[in-house]
1. Take E100 and decide whether it is crowded, with 19+ Cβ neighbours inside 10 Å and either more than 11 Å from the chain's Cα centre (by Cα) or in a strand (DSSP E or B) (or both).
2. Determine whether R105 is in a strand (DSSP E or B) and either at pLDDT below 95 or open to solvent by 30 Å² or more (accessible area, probe 1.4 Å) (or both).
3. Out of the residues in the range 1-55 that are over 30 Å from C146 (Cα atoms) and among the β-branched types (V, I, T), state the one that is modelled with the lowest pLDDT.
4. Cβ contacts < 6 Å: first residue closer than 14 Å to T107 by Cβ and of a type outside the set (K, R), restricted to the range 124-138; second residue open to solvent by 60 Å² or more (accessible area, probe 1.4 Å) and outside any strand (DSSP E or B), any location; separation 6+ or different chain. Result?
5. Pick from the range 37-57 the residues that are of a type outside the set (F, W, Y) and more than 38 Å from the chain's Cα centre (by Cα): which of them is most open to solvent (accessible area, probe 1.4 Å)?
6. Tell me which residues, restricted to the range 82-91, are closer than 18 Å to C146 by Cα and under 14 Å from the mean Cα position of the chain (by Cα).
7. Scan the range 120-143 for residues that are out of contact with any helix residue (DSSP H, G or I) (no Cβ under 7 Å at 6 or more places or on another chain) and open to solvent by 50 Å² or more (accessible area, probe 1.4 Å) and report the count.
Amino acid sequence: MNSSAPRAAQSSARGFRLGLAQRVLPGALGFLTASVVLYVGLLFTDDPMSAGELGRMVGWSLFGVAVLALTGRGRGVILTEDALVVVHGERRTFPWAGIEHLVVRRTFGVSQVVAYLKDGRRVTLPAPTSFADARFEEKARELTECWEERRLTPPPAAAPPPAPAP
């Protein structure tokens, strides 16, 4: 959590992160598909793939899947009292009042939440996503309700620092 955020915002923060299956399955399916296409394609050439080459390719594919499992662990969103924090490699903070509206968009059969900002930009949130998540509708509703509750209220003012002791 961002240490510069007010304590009240930190203690009441809620968030959504991608699960292991959501991080690994797309890459695993991509590696598997590429491997099958390559293997079948090489069957029709003068130099088909040997069992050893196939084994090495599968090994590297498994290594790639392991890297995907480890690298995307923190991807998601954090809902604080004063802002939506998007964690996607880096943390980006969007005050609730700066978000025009939230929309659930479906692309290639996967639903994701898109935040349309008042400055004209749009941000596709890394989580929640409907891919391999039966609770997506509930999470999207919670995110929207959080925005509805906070979008018109200014963020809480930071408490003034204590007066120095005499």
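The values are calculated or read from the model by the stated rules, or taken from the named source; none is laboratory data. Here the structure is a predicted model, which means the values were calculated and not measured. Don't worry about glycine lacking a Cβ; one is built from the backbone with ideal geometry, like all the others, and counts go over all protein chains shown. Ligands, DNA and RNA are excluded from the accessible area calculation, which covers all protein heavy atoms including side chains. Shrake-Rupley method; radii C 1.70, N 1.55, O 1.52, S 1.80 Å.
1. no
2. Yes: the conditions hold for R105.
3. In the first step, residues of the range 1-55 are kept if they are over 30 Å from C146 (Cα atoms); the result is 27-55.
Okay, now just the ones that are also among the β-branched types (V, I, T), so 33, 36-37, 40, 45.
Working: T33: 85, V36: 82, V37: 83, V40: 82, T45: 79.
Once the filter is applied, the top-ranked residue is T45.
4. Listed pairs, sorted by first residue: P126/R75; P126/H88.
5. Quick first cut of the range 37-57, residues of a type outside the set (F, W, Y) only: 37-38, 40-43, 45-57.
Imposing the further condition that a residue be more than 38 Å from the chain's Cα centre (by Cα) reduces the set to 43, 45-48, 50.
Working: L43: 93, T45: 63, D46: 162, D47: 115, P48: 64, S50: 56 Å².
Result: D46.
6. Kept after step one, since they are closer than 18 Å to C146 by Cα, are these residues of the range 82-91: 82-87.
Result: L84, V85, V86, V87.
7. Step one: list which residues in the range 120-143 are out of contact with any helix residue (DSSP H, G or I) (no Cβ under 7 Å at 6 or more places or on another chain), which gives 120-127, 134-143.
Applying the additional criterion that residues be open to solvent by 50 Å² or more (accessible area, probe 1.4 Å) yields 120-122, 124, 134-135, 137-138, 141-142.
Count: 10.
Here is a yes/no grid of residues against (1) of a type in the set (S, T, N, Q); (2) part of a helix (DSSP H, G or I); (3) in contact (Cβ under 8 Å) with a residue 12 or more places away in the chain:
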residue	(1), (2), (3)
W60	no, yes, no
V67	no, yes, no
R73	no, no, yes
S111	yes, no, yes
